[in-house]
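What follows is calculated from the coordinates using simple rules that are stated; it is not laboratory data. The structure presented is a predicted model; accordingly, all values stated were derived computationally and were not measured. Reconstructed Cβ throughout: ideal geometry from the backbone, glycine too, with neighbour counts over all protein chains shown.
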Amino acid sequence: MLDWFLAILISLNENKFVFEEFRHASVKYSLESPTVSLAEVYFPSLAICNMNILRRSFIEAILEDAGLKELNVGYEELKHIVFLVFIFGGDYQPTDRDNKIIDSKIMP
């Protein structure tokens, strides 16, 4: 028991020194030349990614099915159902109509 108490006491004491060192730290920087050509300036690479995980062509392909035309399902409604059910998943409780659309044509 005494060993644990001493270990905790020592670690608290060490943390105090680390915190004080952090609190008094400063940032140092140097600027060699404020004017250089752009050929000499390093620019980090930049990647631009398309985060659109639901494509319009996918929804339109599903809408081509004759069964969905019978149910009078539109683009926006189908997009909403697919997004909530298959992307958000467990948090969404589909309505009876949503289930009918999903069961009949999306997940036969």
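Projected label points at LEU9 and ALA61, each 7 Å from Cα along the beta carbon direction, are separated by 7.1 nanometres. Let me make sure I get this right: for the stretch 56-106, a, b and c are the square roots of the gyration tensor eigenvalues over alpha carbons, sorted descending. Under 1.5 in a/c it's rounded, otherwise prolate if a/b > b/c, else oblate. Which is it? Oblate, since a/c reaches 1.5 and b/c is not below a/b.
Here the stretch 56-106 is assigned +1 on the Cβ of each Lys and Arg and -1 on the Cβ of each Asp and Glu. Its dipole about the Cα centre then comes out at about 60 debye.
If r is the Cβ-Cβ distance from LYS100 to HIS80 and R0 is 22 Å, what FRET efficiency results, to the nearest 0.05? Result of the calculation: an efficiency of 0.90. Straight-distance candidates among the lysines for linking to LYS100, with alpha-carbon spacing under 28 Å and chain neighbours fewer than 8 residues away dropped: LYS69, LYS79.
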